[in-house]
């Protein structure tokens, strides 16, 4: 799968989130893969599978994420990297998409990185990043948001 089965993993490991998968085709180019909502906090997540430490990002995805975040939206990119180094998940602010398009995933500031495969990923911490304003503000201070 092009998304590294992340859509299924997020849904099964974060069951309290109301997930809405999106397939917009040519009518909504750039819209992330899923919308999630928990306790009144909505967020968007784009899922990617890294090949050789890189992901494919389309210009429309960058534009959509940056515009939504400028309006106060919460946009993230979850990247699964499998290979000789194991099976890790990297979580980025949507504002990192521009750099992810041209740089290796390990060269771009991330919000969290969990090695060891889905069983060992810190799903609780991941949910906190997706839904907690403090995490969002911390990302902004680190320069990952406008």
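The values are calculated or read from the model by the stated rules, or taken from the named source; none is laboratory data. No experiment lies behind these values; they were computed from the predicted model shown. All Cβ positions, glycine included, derive from the backbone under ideal geometry; neighbour counts span all protein chains shown.
What the table shows:
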quantity: Qualifying residue in the range 92-101 (condition: outside any helix (DSSP H, G or I), in contact with a helix residue (DSSP H, G or I) (Cβ under 6 Å, 6 or more places away or on another chain), in contact (Cβ under 8 Å) with a residue 12 or more places away in the chain and closer than 21 Å to residue 9 by Cβ); calculated: yes
quantity: Residue count, the range 22-56 (criterion: assigned to a strand (DSSP E or B) and either under 15 Å from residue 2 (Cβ atoms) or at pLDDT below 90 (or both)); calculated: 9
quantity: Residue in the range 48-57 that is at positive phi and surrounded by fewer than 16 Cβ atoms within 10 Å (Cβ to Cβ) present; calculated: yes
quantity: Residue tally, condition part of a loop (DSSP other than H, G, I, E, B) and within 18 Å of residue 5 (Cα to Cα), over the range 76-91; calculated: 0
quantity: Residue in the range 118-141 that is assigned to a loop (DSSP other than H, G, I, E, B), in contact with a helix residue (DSSP H, G or I) (Cβ under 8 Å, 6 or more places away or on another chain), at pLDDT 95 or above and crowded, with 20+ Cβ neighbours inside 10 Å present; calculated: yes
